[in-house]
Structure formats: structure tokens, C-alpha cells
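Asker: Got a structure for you, written out below as C-alpha cells; questions coming shortly.
The values are calculated or read from the model by the stated rules, or taken from the named source; none is laboratory data. None of these values were measured; they are calculated from a predicted model. When we count neighbours, we look across all protein chains shown, and the Cβ atoms used for this are built from the backbone with ideal geometry, even at glycine. Note: areas computed on protein heavy atoms with side chains; ligands, DNA, RNA excluded. Shrake-Rupley method; radii C 1.70, N 1.55, O 1.52, S 1.80 Å.
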Amino acid sequence: MQRTSLTRAIALGATTALLFATHAQAQDTYEWKLVTSWPKNFPGVGQGPERLAQLVEEMSDGRLTIEVFGAGQLVPGFEVFDAVSEGTAQIGHSASYYWKGKAPAAQFFAAVPFGMNAQEMNAWLHYGGGLELWNELYDEFGVEVMAAGASGVQMGGWYNREINSVADLDGLKMRMPGLGGEVMSQMGVAIVNMPGGEIFTSLQSGAIDATEWIGPYNDLAFGLHQAAEYYYYPGWHEPTVMFEAIVNDDAWGELPTDLQAILRSAIRDVNQDVLDEYTARNNDALATLINEHDVQLRPLPDDVLAEAKRISAEVVQELADSSELAGRIYESYSDFQQKVTNYHAISEQAYYNARNPEGEVSFDNAAE
């Protein structure tokens, strides 16, 4: 009897110690740094990381706090991936086409010319196997990736002269990243890549002749209408940009499971919230650009769009052929796009046509 009581006491003591240890671990606090490719507090994409930090702190009751650094505050905007991979920061917010020099196939997860829009990309990533492929691509770099926002369909760009045909593109110097930039390069454009914070001065000084950034909400905030007169649509090169949250694997592994769940849930919230904000703000911003700043809104000529689509197919196929993994990503992406296109032809597209059969717009000086 005495031995049984002693055994029970030892077991109870061990259980109690384990509970105390587990409770203590659960109450550990973590202080993270988040680096971004965007100016600090920039509308839309720059506000996403700020909302993420706020949500995580509130949901975790302060156990996980995240300090947000804009581009250039801790690391330059184009060094976000390296900073997270190397552990300089635990988490980053950016767009994957900036890392095409490290992982060319990363461009599939940012923007594909004439590819899927934000709604379709989110469906592919979360229910079509896209996110698993994205993480497989990043495995060798020691980071976990999650979708963390979307721009929606972007604009075709700002030009300091009118574009009436493909010939008018020849010799232009333009800021356009990713696959769209490669397509434009083959159309005679000299592509210059630079972070967002450098665009206005480069366009105003004549260092570049044209640029795309995101869309009216952000373009108005940057004051791009003060540096170029013509604003073109549609954004064939970026039917959306999916923004990414990348997390250092070691930092992720140190978090208890409840904080991992909180972080994952907060990122998913921000992913939708950023898109919602762009959808809500772009229309009013475009009206302001046209009606208050006399911006000339122009559709891209049909021959420009046709040539861009032809070259895009070649550029995307070349990327798909660049590696075995790139091929699998492209196969998954293109199969999903074909299926969702078929459904959207009788749902989204058919509804838009029925709602606005003449394709009318109400902006005063929009070209017909």
C-alpha cells in the first residue's frame, strides 16, 4: 500500500510539473520583426502588415508582438526575402516575382500575364494545391509562405506619351517587374526595375518614360499623375498581384501551436482585407485622377493587347520549361485556370455582361 501511494504521489508530482511547464511555455512571449518591400504605412499594401501586427498582438493577448519596418528602414525593399531566409527578420511581406533571380518559378505566385485574377488565385492557392507548391518551391530557402493580400486587376500603366500602336512602345524606358516586364521587353521596351519609393522621381526626371505601379488608389497616393499624363488600362500583365507573407522556418518552429494558428489566421484575414480595401478605394481614386487632375484615361490599343497576349504565352511556357518543379506549378496553374475560366464564363463574366451590356463607364474624359 505504501509503495502504491508513493508511486501515485510521484506520478501526480510529475503531472503537476508537466502542467506547470506547459503553462509556462504557453505564456512565453515572442518579439518579431517584419520587413516589407513597401513604404511604411503606404495605403493598401503597406497597411496590410500593420493590420497583421495589430491582429496578432490582440489575438495572442500580447504574447506575440510584431514590429513592422517599411522598405529601407531595416533592409532594402528587394532584400526582404534574404532577410527572412537568413533570420535577420522573422517575417516579411512582399511579392514573389521580386525573387525571380533566386527562384524563377516564384513568378507564378505573384502575377501571370492574362492569367488568373485575385478570386481565382485565392481559390487555386487554398483549394487547388497552389499553396503546397509554393511552399515546396521555398523549402530550400528555409521559409514558410502564405498568401497575404491581393491587388485585384491592376492598371496598364502611366505613359508620358500616347500609345496608339505597338510601334509607339519601341525604345520606351519603363518600370514593370515580373513576367509582364519580360513581355514588354520583347515588344521593344527597355525595362527598369526599382522599388515603389523610387518610381515618382524616376518618372518625373525622365529617367523612365512610363511605369506601372498598382492601381488608382496607390497611384494617386504616389502622385504619379504629376509626372505622366496618360493612364492606360487594362492591366493585362497583372490580373492581380498576390502578396506574400514569408516566415523564417526556425522562428515558426519556435512558436507554440496556438500562436502558429493565430498567426496563420491573422494572415488569412489580411489576405482578404487588402483586396477588399483596393476594391473599395480604386473607383473613387480613379474618379479623382480623371475629374480633378485631368488624367487622360485610355484603353490600350487592340494590337498592343494582341501582341502582348501572343508573347505572354511564349514567355510563360519558357518559364514552365525551366525546371521540373516549374513545370508542375505551371500544369497545376493552367489546369485550374482553364476550369475556373469555363465556370466564370457562365457566372461572373455572363453576369457582368448582363449588368452592363454596353460596357459603359461614367468617368468624364474616359475614351470610348
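Asker: So which pairs qualify, if the first residue must be in segment 38-50 and farther than 15 Å from Asp269 by Cα and free of Cβ contacts under 8 Å to residues at least 24 places away in the same chain, the second must be assigned to a helix (DSSP H, G or I) and open to solvent by 40 Å² or more (accessible area, probe 1.4 Å), the Cβ gap must be under 7 Å, and the two must be at least 6 apart or on different chains?
Answerer: none
Asker: Could you list, in sequence order, all residues of segment 257-291 that are β-branched (Val, Ile, Thr) and either in contact with a strand residue (DSSP E or B) (Cβ under 8 Å, 6 or more places away or on another chain) or under 27 Å from Gly92 (Cβ atoms) (or both)? It would help to see each step written out before you state the result.
Answerer: The initial filter retains those residues of segment 257-291 that are β-branched (Val, Ile, Thr), namely 257, 262, 267, 270, 274, 279, 288, 290.
If the condition is that a residue be β-branched (Val, Ile, Thr) and either in contact with a strand residue (DSSP E or B) (Cβ under 8 Å, 6 or more places away or on another chain) or under 27 Å from Gly92 (Cβ atoms) (or both), then Thr257, Ile262, Ile267, Val270, Val274, Thr279, Ile290 are the ones that fit.
Asker: From the list Asp294, Asp249, Asp321, Asp302, pick out the single residue that is in contact with a strand residue (DSSP E or B) (Cβ under 9 Å, 6 or more places away or on another chain) and farther than 20 Å from Gly44 by Cβ. Let's see the steps before the verdict.
Answerer: Working: Asp294 fails: in contact with a strand residue (DSSP E or B) (Cβ under 9 Å, 6 or more places away or on another chain); Asp321 fails: in contact with a strand residue (DSSP E or B) (Cβ under 9 Å, 6 or more places away or on another chain); Asp302 fails: in contact with a strand residue (DSSP E or B) (Cβ under 9 Å, 6 or more places away or on another chain).
Just a single option satisfies the conditions, and that option is Asp249.
Asker: Turning to a different aspect of this structure: Pull up segment 48-64, narrow it to residues that are open to solvent by 40 Å² or more (accessible area, probe 1.4 Å) and in contact with a helix residue (DSSP H, G or I) (Cβ under 7 Å, 6 or more places away or on another chain), then point me to the one that is farthest from Val274 (Cα to Cα).
Answerer: That would be Met59.
Asker: Does Gly253 count as farther than 30 Å from Ser60 by Cα and open to solvent by 30 Å² or more (accessible area, probe 1.4 Å)? Full working, then the answer.
Answerer: On the way: farther than 30 Å from Ser60 by Cα: no; open to solvent by 30 Å² or more (accessible area, probe 1.4 Å): yes.
So Gly253 fails the test.
Asker: Looking at (1) open to solvent by less than 40 Å² (accessible area, probe 1.4 Å); (2) among the hydrophobic types (A, V, I, L, M, F, W, C); (3) under 24 Å from Gln119 (Cα atoms); (4) assigned to a loop (DSSP other than H, G, I, E, B), find the lone condition where Phe363 falls short.
Answerer: Going through the list (1) open to solvent by less than 40 Å² (accessible area, probe 1.4 Å); (2) among the hydrophobic types (A, V, I, L, M, F, W, C); (3) under 24 Å from Gln119 (Cα atoms); (4) assigned to a loop (DSSP other than H, G, I, E, B), Phe363 breaks only (3).
Asker: Of the residues Ala71, Ala106, which is aliphatic (A, V, I, L, M), surrounded by 18 or more Cβ atoms within 10 Å (Cβ to Cβ) and farther than 9 Å from Thr36 by Cα?
Answerer: Values: Ala71 fails: farther than 9 Å from Thr36 by Cα.
Just one listed residue meets the conditions, Ala106.
Asker: What are the residues in segment 301-319 that are under 24 Å from the mean Cα position of the chain (by Cα), aliphatic (A, V, I, L, M) and buried (at least 19 other Cβ atoms within 10 Å of the Cβ), if any? Quick ask: steps written out before the conclusion?
Answerer: Residues of segment 301-319 under 24 Å from the mean Cα position of the chain (by Cα): 305, 308-309, 311-319.
Filter again for aliphatic (A, V, I, L, M), leaving 305, 308, 311, 313, 315-316, 319.
Those that are under 24 Å from the mean Cα position of the chain (by Cα), aliphatic (A, V, I, L, M) and buried (at least 19 other Cβ atoms within 10 Å of the Cβ): Ala308, Val315, Val316, Leu319.
Asker: A further question on this structure: How many residues, within segment 280-300, are in a helix (DSSP H, G or I), surrounded by 16 or more Cβ atoms within 10 Å (Cβ to Cβ) and of a type outside the set (Gly, Ala, Ser)?
Answerer: 5
Asker: Which condition breaks for Leu289 when tested against (1) closer than 30 Å to Leu137 by Cα; (2) in contact with a helix residue (DSSP H, G or I) (Cβ under 7 Å, 6 or more places away or on another chain)?
Answerer: Only one criterion in (1) closer than 30 Å to Leu137 by Cα; (2) in contact with a helix residue (DSSP H, G or I) (Cβ under 7 Å, 6 or more places away or on another chain) is unmet by Leu289, namely (1).
Asker: When you scan segment 118-166, how many residues do you find that are buried (at least 17 other Cβ atoms within 10 Å of the Cβ) and polar (S, T, N, Q)?
Answerer: Going through segment 118-166 one residue at a time, the tally reaches 3.
Asker: For segment 176-195, does any single residue satisfy the condition of being modelled with pLDDT of 95 or more, touching a Pro at 6+ places or on another chain (Cβ under 6 Å) and either small (Gly, Ala, Ser) or part of a strand (DSSP E or B) (or both)?
Answerer: Looking through segment 176-195, at least one residue is modelled with pLDDT of 95 or more, touching a Pro at 6+ places or on another chain (Cβ under 6 Å) and either small (Gly, Ala, Ser) or part of a strand (DSSP E or B) (or both).
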